[in-house]
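Throughout, read-outs are computed from the coordinates displayed, never taken from laboratory work. Values in this document were obtained by computation on a predicted structure and should not be read as measured data. No Cβ is skipped: glycine too gets one built from the backbone with ideal geometry, and neighbour counts run over all protein chains shown.
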Amino acid sequence: MSSMTKKVLVFTALAAVMAAFVAGCGQNAVAKVNGRKITRKEYYDALERLPYADQAQGGQTTEAGALVLNRLITEELLLRMADKDKVAPTEDQIKERIAQAMKQPNFAANMKNNGITKEVLKERMRVEQAAFNLQTKGVTVTDDEVKKIYKANLTTAFTIPEQVSLAGIFVPTKAEADKAINLLKQGVEFGTVARTMSKHESAKQDGRLLPLPRGAKGIPTAVQDVLFSTPKGQWTKPMDAGGMWVIFQVIQHMPQKVQKLEDVQSTIRDRMMLQKGMMKNTNLNEELAKFRETAKVDVMIERYKAIINPAKPAPEKAVAPAGKPAK
């Protein structure tokens, strides 16, 4: 996805979260302190007024509520502009976009962890598809073009290198590393030792780390050789990582994988269409700004009206030369 499209879509995550709070706003408790409930309405009100530095406005501080409302309005305008240009997302397009997203590693788990429901995901994909359709109006990419890109980038973009899935225990001293090894030898599970002893943020996830690809930069070859040769389920000897001692456990070995054309052709086609669209069509952000100027946007929260719909400066009057009346 192009940086231009990302700029248009950057609001969706925060907007979706806030929309969920709006939908659930009420007297249901979100926490209790000595038996006293903190209601969802109190929580929502605090979120709405939370100071937020808007980088798009040069770091100017505003309420998060104003930012989210403005982005929800922008989202709606984007959908309406797609309707006007007769490129509104179809249900099939949205289903396809969701299907592609679901193929990403840990996607379902990430949705759950971030509180994103299927309904929120569908609306997010609707907005993404609308932006894509607007940016790629009148653009086509043939199957032969897709195959050509696939073959040209097969060994780089579409070949996943050999990887090893790891967990780690990070401790500041050799003595603590030896203690961890003794616990492991006594039969204590690696995840338990990681949770109780590791000083790394991964301790919260039983020491689980991101998969390490063969040839990863920043990891010495000697260390990689040890990790890729350690059998599944086994752990390494403590390694001195410069100020921290690390014990790794190998969770899984994953051989090199070449992605099939049918698995990546949609991604290739989308990228090619966006590239062509950026060359053929006008700037999407500029077009959206023009469309907003013609739209009727009524803001019901009084203190946000001037923020979301700022008054336009009056045109400057021409100054007449001395002795001549101004026109």
| How big is the chain by the Kirkwood estimate over distinct Cα pairs, in Å? | 24.8
| After finding the eigenvalues of the alpha carbon gyration tensor for region 100-180, what semi-axes result from the square roots of 5 times each, listed largest first in whole Å? | 40, 24, 10
| Which trypsin sites (Lys or Arg not before Pro) from region 27-83 combine a DSSP loop assignment with at most 14 other Cβ atoms within 10 Å? | Arg49
| note | With the 8 Å Cα cutoff and a minimum separation of six or more residues, region 233-291 has a relative contact order in percent of 20
| note | The Rg/Rh figure for region 150-205, Cα atoms and Kirkwood Rh, to two decimals is 1.30
| task | Provide the gained length on full extension for the span Asp92 to Ala53, in nm with one decimal, where the gain is 0.36 nm per separating residue minus the Cα-Cα distance. | result | 10.3 nm
| query | How long is the gain from Thr155 to Gln186 if the chain were fully straight, where each residue apart is worth 0.36 nm and the alpha carbon distance is subtracted? | reply | 6.7 nm
| query | Cα axis of helix 64-84 to longest principal axis of the chain: angle in degrees, 0 to 90, nearest 10? | reply | 70
| note | If N is the residue count of region 118-264, its Cα Rg over 2.2 N^0.38 Å rounds to 1.47
| field | Average Cα contact separation per residue, region 27-83, under 8 Å, 6 or more apart, as relative contact order % | value | 20
| Based solely on its DSSP helices, what 222 nm [θ] is calculated for the chain when runs of n ≥ 4 H residues each add -39,500 (n - 2.57) and the sum is averaged over all residues, nearest 500 deg cm²/dmol? | -15000 deg cm²/dmol
| said: For Cα pairs less than 8 Å apart in space and 6+ apart in sequence, what is the mean separation divided by the residue count of the chain, i.e. the relative contact order in percent? | reply: 19
| message | Using Cα springs under 10 Å in a Gaussian network model of the chain, which residue among Gly65, Gly243, Gly138 shows the largest mean-square fluctuation? | response | Gly243
| task | Mind checking the full-extension length gain between Glu162 and Lys41? Use 0.36 nm per residue of separation minus the Cα-Cα distance, one decimal, nm. | result | 38.6 nm
| field | Rounded to 10°, Cα long-axis angle of helix 118-135 versus longest principal axis of the chain | value | 60
